[in-house]
Amino acid sequence: MKLSTLILLAFVFTVFQACKPTLKEAETEENLIEETDVYENFSHNSMNSLDWNGTYKGILPCADCEGVETILTFNPDQTYILVTNYLGRNDALEEEKRGSFSWNETGSIITLSNIKSGPNQYKVGENRIWHLDINGEVITGDLADHYVLTKSL
């Protein structure tokens, strides 16, 4: 092999080695990527920023009664107790449902299990929850304010 070929190979090898990051640089870059991923995936939402557990109360509109007295308790272990009373029908007849709940991917809406018919989702806000329609949308219109349950102290 000619000397010039050896020198060229040595030069190319040196250039490649110089471009390769050191182990410390590679580790630092990897840590930075991991930290950035964690930061980008973390956002404040109702699930992780609000004191959502507790009891919420209100009277929801009813088509064939005076209203549905509603008491909904969310427990820290992601279970709930829902007590409803259809006012004007039989005021002494309360219905109680229990089950677990789950958060949606944005951490702002709770879905109740064990609800066979009717809406089962609530949007969680500061000391209040909004009863959502059958499609999981906030109810709008003249009666919108009547679909809000407030947290009792």
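Read-outs throughout are calculated quantities, based only on the coordinates presented, and are distinct from any laboratory measurement. No experiment lies behind these values; they were computed from the predicted model shown. Heads up, the Cβs are rebuilt from the backbone with ideal geometry, glycines too, and the neighbour counts pull from every protein chain shown.
Numbers below:
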| item | result |
| --- | --- |
| Extended-chain gain in nm, criterion 0.36 nm per residue less alpha-carbon gap, Glu66 and Asn90 | 7.6 nm |
| Stokes-Einstein D for the range 41-102, Kirkwood Rh over Cα pairs, 37 °C, 0.692 mPa s (µm²/s) | 248 |
| For Ile115, net neighbour charge (Lys/Arg +1, Asp/Glu -1) across residues whose Cβ lies under 13 Å away | +1 |
